[in-house]
1. Convert each backbone phi in region B:155-161 into a coupling constant with the Karplus relation 6.51 cos²θ - 1.76 cosθ + 1.60 (shift: θ = phi - 60°), then list the ³J(HN,Hα) values in order as whole Hz, x for Gly and Pro.
2. Give the long-range amide H neighbours of C:Glu190: residues separated by 5 or more places, or on another chain, with amide H under 5 Å away, using H modelled in the peptide plane at 1.01 Å from N.
3. Work through the residues other than D:Leu196 whose Cβ is under 14 Å from its Cβ and net out their charges, Lys, Arg +1 and Asp, Glu -1.
4. Of all alpha-carbon pairs in chain A, indicate the percentage at a distance above 44 angstrom.
5. How much of the DSSP bridge set in the protein assembly as shown is antiparallel, in percent, rounded to the nearest 5?
6. With every protein chain kept in the model, how would you rank C:Asp119, D:Asp73 by accessible area, 1.4 Å probe, largest at the top?
7. Size of chain C along its principal axes in angstrom, Cα-based, largest extent first?
8. Quick check on region D:253-306: take the gyration tensor over C-alpha atoms, sort the square-rooted eigenvalues as a ≥ b ≥ c, and tell me if it's rounded (a/c under 1.5), prolate or oblate.
Amino acid sequence: MNSFLRKNTVLLITLADITALFIAAAQGMEKKDFVITLLRGLAVGSITFLVASGFSLIFGLLDVLNLAHGTLFMIGAYIGWTVFVRPDTFVDLLTPLALILSGFALRDVYPLLATRIRLGLSMKRILPWALILVSILIFSYILPRYPISFWDIGTYGQSPVTYSFLADQGTRLPAQVALFTEISAPLALIGLLFASIIGAFGISLFNIETQQQFKLNWKNFIGFAILLIVALFVFIFNESLTTALTGLGSNWLFLIAVVVATLSGAGLGALIESTLIRPLYIRPIYQLMLTLGMSAIGIEIVRAIWGRPEFVMPKPAFFNGSSEVCPAANFADWWAHNCSTILLLDGRVRVYNEIFIPIIGVVVLISIWMLLQRTRLGMVIRAGVQDREMVEALGINVRRVFTMVFSLGVGLAALGGILAAPSMGLSNAMGESLFLNALIALAIGGLTNYPGAALGSVLVGLIQQFIIKYGQIGIAIPFTDIIFKPTPPIVPASTVLLMVIILLILPNGLLGKKE
Amino acid sequence: MEGAMTAEIILETQNLRKQFSGLVAVDNVSIKVRKNSLHAIIGPNGAGKTTFFNLLSGNLEPTSGKVIYKGRDITHQPVHRTIHFGIGRSFQITNIFPNLTVFENIRLASQALGGDNFKFWQASSHFKKYEERTWNVIETVGLKERAQTFARTLPHGDQRKLELGMILAPDPEVLLLDEPTAGMASEQVPELIALIQGIQKEGNKTVMLVEHNMNVVMSVSDAITVMHQGMVLAEGTPAEIAANKEVQTAYLGGLYELNV
Amino acid sequence: MEYILDVQNIHSFIGQYHILQGVNVRVPKGSITALLGRNGAGKTTTLKSILGLTPPREGKVIYEGKEVQGMRSFDIASMGIGFVPEHRAIFRDLTVEENLKIAERSKGEYIRKKEFIFDLFPDLKRLITLPGTSLSGGQQQMLAIARALVADNHLLLIDEPSEGLAPVIIEHMMKAIQLLSKDSTIVLVEQNFLVASQLAEYYVIIEEGRSVQEGSMKDLANDKAAIHRYLGAA
Amino acid sequence: MTQQPNSRMSAFFLTNRAALFTLLALILLPFIVGLMDGESPMLVFANQSGNSKFAQGLAIEIFILALYALSFDLIFGITGMLSFGHSMFFGVGAYLTGISLKTLGLSLPATLGLVFIAAIVQAVLFGLVLPRVKGITFALVTLGLGSVFHIVVMSSEMGPYTGADVGLQGVIAPAFISPANERLRFYFIALTILILVYLLYKRFVDSPTGRVCIAIRENEGRARMLGYNTFYFKLAALTLSSLTAALAGFMHAIYQPIVSPNVASMGFTVTALLIILIGGVGTLNGALIGAVVYRLLDFGLRRYIGESASFISGTVYVLFVLFIPFGIVGTWKTKSFQVKQGWDRLRKLFG
């Protein structure tokens, strides 16, 4: 105990100081304000944590600073919104997407194929480009001939803003069914599949090392088969699926949206890691540039598809009820009526924003912690953070673990995005600001430290929310009559300053280990 | 022998101790190094020799104890100060600037103590005295033909020479050499040892040497300290060490007699 | 003689450095073979090249009759090669038990091998819940060897097992290695010639990235000139 | 003996012919653009030629960007410190110039003096954290310092001085370098400044100080072992970098009608990073070439593609990273080296 105290003096002092600050701050505040602000802080902290934890897992194991993490968070939100508000679009998109991805699911097969091809040096250089080009050409021929039920970002009446508004009112537009025009469906499907396979093969040719030997077995084809079946199934049952989805209650739809957004994030992560990041492990600076570039591309794609204006995502009915007893006086009342707000110590608390999100944050915190501590994958991750080479020498495919962790990290960011959407709204800038928050949280907590990510996130959330609150009520500075009201710009500045101070005292953050 | 014994002590440690979380790497080491002598530290791998050097050169701070140089306590001096006192140090694992040329490597070492480091308005070729010094050192260590090649492309043996050149360049009084022959072909070893001996004798320098090759050590050193598990096992002249039974069992395993 | 491992003229690079410039190592099945040579001669790199951690750019590595050079290192290791690296590489965020469990290649291996391992290293049994960092040097070395025993390995590559250990512990370690050699073949890198000469039947001397001499350990013990030339007196 | 200076002259011209040719092209640029439009040089002198004036404007922006990129290359490419707060160096220069000219009503030289003092002060501020943090933590701390500055600039309290999120407007440059009426003069002044700074940087990199900075990038531990107190060298690099960036900011504030708060944001630091990555990290020429490529690409894409330009530029950067990893200058150097080797081999083959 004594040695623990000695070793962590600085940490304990810092924590004590922060606690003292909060207690002192709470003095001048009404109880209900304090509780609400606390909950809000936890909510912001939870969302920050979802971004920060994924980022820190990736950085810890792969040594990659994924600067596109905020953008991926945002993409998660937009995908979730689409599933929730426009399930018909979602169904229409599934078929071509599954087909495009199916080629990448065969990535373990390509090296074998590559070793079979004997070509001259110049041909070897041209081949990947030629394959990618052909693949793009086929895509650009077929895809425009597949009408997807869509919105029009240019027209206000059909923009995401309007659809969101309508969905909030409970109105959903009748579903349309997408069928290929000008081209026969079997030909189009086969064409897409073919284009995807040669495109993915072309990309994989860039990073195949020579002399490699591989064993093939049926496991290499599972992903491919699943994607193929999904594509066909959705294509055939497009209409009934759309009707079924639109007919679902908003709670179920929200759940599906969360799952789809998270999985898409995870899939996107796996794809990015295995095609773009993998060749750059030996050139860290270029990873920065690559992820920055991806971030810019991501934001532009989102702008092109969903438009620039901000819009809101309706909350699922479970958190959005209204009746004469609302705001609910207690949880039993809330359970009966699904009120959107609840009274805690006479203060109105939004159930989704201030109770549901922190709960999810805690659930994710615990599940990832269990994953890290109790599962074999977690063991390998913890070991790999320290010594990749040794893990590999034990016969473990570290590369695959890398892909999994990247995918997990991006999946967490996407989950954060879709969960934040109903409370934060959707905007092109949502990723950037949250990413900065997450970075600050990590710097405070310790860059590669998982509990540190949680601690930092909560601190950042709390500080921001308390300062916002004081912006409204003002702080009475002790021994004077001055009431100081922090203005909004001080909110981000305060966390940044906290970060700078903590890093100067503890360069590895509060919980980071000394190297 | 008698005269050597009473010679001036240039470097001294008093109860030097270094502890890494659980492990005591250097345990209560007190040694005295006489001026102008060649003092060897030997011991099996993991005996704490390199850590001991790191304490002397300021790369590590000791947990307790003192390092005294010319009567002055330099225990807590930062690493960039020690060379200013006149202590140069080489590394067991070659530590050079791999992407700079041999010439550049040594010039950086030569100009370090000259006091012209902040004259950023003059080209470095303007400072002829450092260039001359650089060429001298390059010639001493025998890398003249390779002066303009990148350090990373040198063969291992030449990198060791470059490393030696980098400590020679600022002309220190005490040289701490950590396994200067590590990884060299056996044909090259005598050459390098002769070079070191030459530098020591002609330049009136004090050399401290960590070395694995017992025969080398026995033939060139004036004094030997044997370390084992962080502690000093024995101290004395080569003859005394060779006769020491304890050293034989702990280090040499009693399998071979030493040819002194 | 049947060779479990046959390394033929491999060349390996670390970054720009041409570390191995033609190493040949043949390891008879069931033997202990020692790689000898000075610091920095390329012994550790040889082990890493066999495992594909530092893939050789030229030459062949034949393990159990199959060319494995160019394969991914975890695939090579999965063929039954255990690695005990220099400085042990114990995972410090994992407990002793997890350090062993992580080496499993199929489920339940650890449970099956547990008893055997704890018979060999009784010390480890009482340390099982401690984190890897809290072990002493000797215990870490035992754990590193034990870790290589969890999976069914036919070949163990052990790098400097005696480094930095007290003589009593070295003796214990030597006994354990001798015991292990009954079931598996061992390639040993060792600085301490006494240890190497007592354990190994065969030796290969590596000098400046090349294998320069090989043979039976008994012959080397009498060849003072070679010992002097390549290994220094010790 | 009389031959000596002459041959030295011609040798100088030979080795620097590319640089001299570029310089000549830059001097003639306004007139050539004018001539292509069928406007006489006199018109260009009178600042009447529309297209030439436009080209000059673009070039001035490139010069300013190049100065800024040079300053970033000095601390990142040469000294090896990754700072994410570099835009603050530029921002301080730009905003202080604006405030000093507009609010304080100081003269141009006084403003420049003030800017330089501020630049030194902020270099020292960044330097204060140097001994504590390294690598990625240094990047984060500088990111923090930069963000605080950005936030202060954007805050409504500072509105009267900085224009908050709208940006600083209404800075009236003295008539003799007015970017509207005397653009040609501005062009040549900017060009001269860039050349002077470039030469200063070249000398700095080649000087004892610069050599130590490179040594710090390569292996800081070893540099310390050689007896260098690396802190002072990093501080020197930071100071020079800060002065240059502030000078770029100073010119920016005079040239642009609005100083947008974007120049103090993280995004502008990223711009500097991208420029030197395009050009080649650690090569001074790379910073210049990168600035040209970056600005022209940005300009061209915005002009011909419009809204989604950053989609294309993002893609271009990703392709750069994957296929031209050492930047234009770095790749050029290795390629020309290979070509030279090939030639040598050929020549040997034929005796």
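The values are calculated or read from the model by the stated rules, or taken from the named source; none is laboratory data. Since the model is a prediction, treat every value here as computed from it, not as a measurement. In this analysis, Cβ positions are derived from the backbone assuming ideal geometry, glycine residues included, and neighbour counts consider all displayed protein chains. These area figures cover heavy atoms from the full protein model, side chains too; ligands, DNA and RNA do not enter into them. Shrake-Rupley method; radii C 1.70, N 1.55, O 1.52, S 1.80 Å.
1. x, 3, x, 5, 5, 5, 5
2. C:Leu35, C:Glu160
3. Working: positive: D:Lys202, D:Arg203; negative: none.
My count for the surroundings of D:Leu196 gives +2.
4. On the way: 28506 of 132355 pairs.
Summing the P(r) tail past 44 Å for chain A gives 22 percent.
5. Numbers: 52 of 87 bridges.
Percent antiparallel among DSSP bridges in the protein assembly as shown is about 60.
6. Working: C:Asp119 120, D:Asp73 0 Å².
Of C:Asp119, D:Asp73, the descending order of accessible area is C:Asp119, D:Asp73.
7. That gives 47, 38, 36 Å along the principal axes, largest extent first.
8. Numbers: a/c = 1.84, a/b = 1.25, b/c = 1.47.
Because a/c hits 1.5 or more and a/b fails to exceed b/c, region D:253-306 counts as oblate.
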